[in-house]
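The values are calculated or read from the model by the stated rules, or taken from the named source; none is laboratory data. Just so it is clear, the structure is predicted and the values come from calculations on it, not from any experiment. Ideal geometry is used to build each Cβ from the backbone, glycine not excepted, and the neighbour counts take in all protein chains shown.
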Amino acid sequence: MPPLLSKTTDQRIVHYGMWEQFKFIQQGFEGSSKVRLFYYDGTIEIFMPGEDRETFAHVIGYLVTTFLIEQGIFFKPTGAMTQERSGVASVQADESYYIGTVKSIPDLSIEVVFTSGGINKLARYKALGVPEVWFWEDGLLKIYHLQKGSYEKIDRSQLPGLCKLNLDLFKRCILIAETDAGEAIKAFRREM
């Protein structure tokens, strides 16, 4: 009897192929909210996020949304919407946002990382021109901003309004969410 797959563990399949193959696979998974698909540089990735990733992604999204609302900043959350440039790259971030106005590509994409899979995620976002990408990995928040055609690791967001986000509080509340998401949200709202 095969071992049971843990619902908390991410599952990943990597295949090498052309854009046309990727689009065919994408059609096959159309309407499936439990599968995310990625393409870049001939690499097709089929990804099934685990429960832990989804929990962190939702908490991070809630905290970012709460901050933007409280600051009176226009935004449109797009969740794991497919961001795509035909023939070049396709990604589905854990959370993503338009800030200020709606554009063709979200201003911010957020990824929760439990397993890297050896694929350069920043290269995919660079190919799409996403201005800012945040990674939550091993209790650390890494922020990258696209400048002059490449990503630079920065200490705080350069997006309108998000530059005022108290990152120490933000990170602390994400860590609190490991054991109590409700307490994390209350603490963020109380201390924001």
With respect to the numbered conditions (1) part of a helix (DSSP H, G or I); (2) touching a strand residue (DSSP E or B) at 6+ places or on another chain (Cβ under 7 Å); (3) crowded, with 20+ Cβ neighbours inside 10 Å, which one is the sole condition not fulfilled by residue 65?
(3)
Within region 180-190, can one find any residue that is of a type outside the set (D, E, K, R), crowded, with 17+ Cβ neighbours inside 10 Å, modelled with pLDDT of 95 or more and within 16 Å of residue 69 (Cα to Cα)?
yes
Residue check: is residue 51 out of contact with any helix residue (DSSP H, G or I) (no Cβ under 9 Å at 6 or more places or on another chain), exposed (fewer than 13 other Cβ atoms within 10 Å of the Cβ) and in contact (Cβ under 8 Å) with a residue 24 or more places away in the chain?
yes
If only one of 143, 154, 176, 99 is farther than 24 Å from residue 42 by Cα and out of contact with any strand residue (DSSP E or B) (no Cβ under 6 Å at 6 or more places or on another chain), which one is it?
176
Residues that are in contact with a Ser or Thr (Cβ under 7 Å, 6 or more places away or on another chain), under 18 Å from residue 80 (Cβ atoms) and buried (at least 20 other Cβ atoms within 10 Å of the Cβ), drawn from region 111-143
125, 130, 132, 133
Is it true that residue 20 is among the acidic types (Asp, Glu), outside any loop (DSSP other than H, G, I, E, B), within 18 Å of the chain's Cα centre (by Cα) and modelled with pLDDT of 90 or more?
no
Can you find a residue in region 153-164 that is without any contact (Cβ under 8 Å) to a residue 60 or more places away in the chain, closer than 22 Å to residue 81 by Cα and surrounded by fewer than 20 Cβ atoms within 10 Å (Cβ to Cβ)?
no
Looking at residue 98, is it in contact (Cβ under 8 Å) with a residue 40 or more places away in the chain, of a type in the set (Ser, Thr, Tyr) and farther than 29 Å from residue 180 by Cβ?
no
Out of the residues in region 37-46 that are touching a residue at least 60 places away in the same chain (Cβ under 8 Å) and out of contact with any Ser or Thr (no Cβ under 9 Å at 6 or more places or on another chain), state the one that is nearest to residue 134 (Cα to Cα).
45
In the set 172, 189, which member is in contact (Cβ under 8 Å) with a residue 60 or more places away in the chain, part of a helix (DSSP H, G or I) and among the basic types (Lys, Arg)?
189
Looking only at region 68-81, decide whether some residue is in contact with a Gly (Cβ under 7 Å, 6 or more places away or on another chain) and either free of Cβ contacts under 8 Å to residues at least 12 places away in the same chain or exposed (fewer than 13 other Cβ atoms within 10 Å of the Cβ) (or both).
yes
Out of curiosity, is residue 148 at pLDDT 95 or above and basic (Lys, Arg)?
no
When region 36-50 is checked residue by residue, the ones that are outside any strand (DSSP E or B) and at pLDDT 90 or above are 41, 42
